[in-house]
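Peer 1: Could you have a look at this structure, given as structure tokens, before my questions?
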Amino acid sequence: MEQRVSLITLAVADMEASRTFYRALGWREVDSPDGVIAFDLIGQTLGLYPKAALAEELGVSADQLAGSAIVLSHNVRDKADVALLLDRARAAGARVIKEAQDVFWGGHHGHFADPDGHVWEVAWNPHAPLSPEGAFRWTGYP
């Protein structure tokens, strides 16, 4: 297995509400087959899929898909962008869990939950600058 993630699929209760939410964050949808909403990212894709359909595909009940201890992170280029993005997420309908604040490791971050409760971190990391295209890697780009 190559060391990468190609697609992140989020199980959502209301496809249109989730589409509206991510569009309000400024994301652009790409053409996709019916039943899937996709947003191309830098080097990967975020897919939205109906929770009931995913449960059926996996052969489990929808209740078994509830709650996952995972955080999706979005790094920004400037410290001030953390609060700006949290405000944009709030305006789009997110529940801000943690307001923008400095972190012990020298960065600055905050967290929000999307309409289905998926937790996102918005972070500025001075130790890992993004590439010119916005790609992230742990040790940063020169």
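The values are calculated or read from the model by the stated rules, or taken from the named source; none is laboratory data. Since this is a predicted model, take the numbers as computed values, not measurements. A quick note on method: Cβ atoms are made from the backbone with ideal geometry, for glycine too, and the neighbour counts reach across all protein chains shown.
Peer 1: Can you give me the number of residues within segment 1-18 that are of a type outside the set (V, I, T), surrounded by 13 or more Cβ atoms within 10 Å (Cβ to Cβ) and in a strand (DSSP E or B)?
Peer 2: The qualifying residues number 2.
Peer 1: Scan segment 107-130 for residues that are within 13 Å of D78 (Cα to Cα) and of a type outside the set (A, V, I, L, M) and jot them down.
Peer 2: Scanning segment 107-130 gives G107, H108, H109, W124, N125, P126, H127, P129.
Peer 1: Determine which single condition G26 fails, assuming it passes every other condition in (1) touching a helix residue (DSSP H, G or I) at 6+ places or on another chain (Cβ under 9 Å); (2) surrounded by fewer than 18 Cβ atoms within 10 Å (Cβ to Cβ); (3) touching a residue at least 40 places away in the same chain (Cβ under 8 Å); (4) more than 21 Å from L130 (Cα to Cα).
Peer 2: Failed condition: (4).
Peer 1: Scanning for something loosely packed, with under 15 Cβ neighbours inside 10 Å, modelled with pLDDT of 90 or more, out of contact with any Ser or Thr (no Cβ under 7 Å at 6 or more places or on another chain) and not hydrophobic (A, V, I, L, M, F, W, C), does segment 76-86 turn up at least one residue?
Peer 2: Among the residues of segment 76-86, at least one is loosely packed, with under 15 Cβ neighbours inside 10 Å, modelled with pLDDT of 90 or more, out of contact with any Ser or Thr (no Cβ under 7 Å at 6 or more places or on another chain) and not hydrophobic (A, V, I, L, M, F, W, C), which makes the answer yes.
Peer 1: Given the options F39, F21, F104, name the one that is aromatic (F, W, Y), without any contact (Cβ under 8 Å) to a residue 40 or more places away in the chain and not in a loop (DSSP other than H, G, I, E, B).
Peer 2: F39
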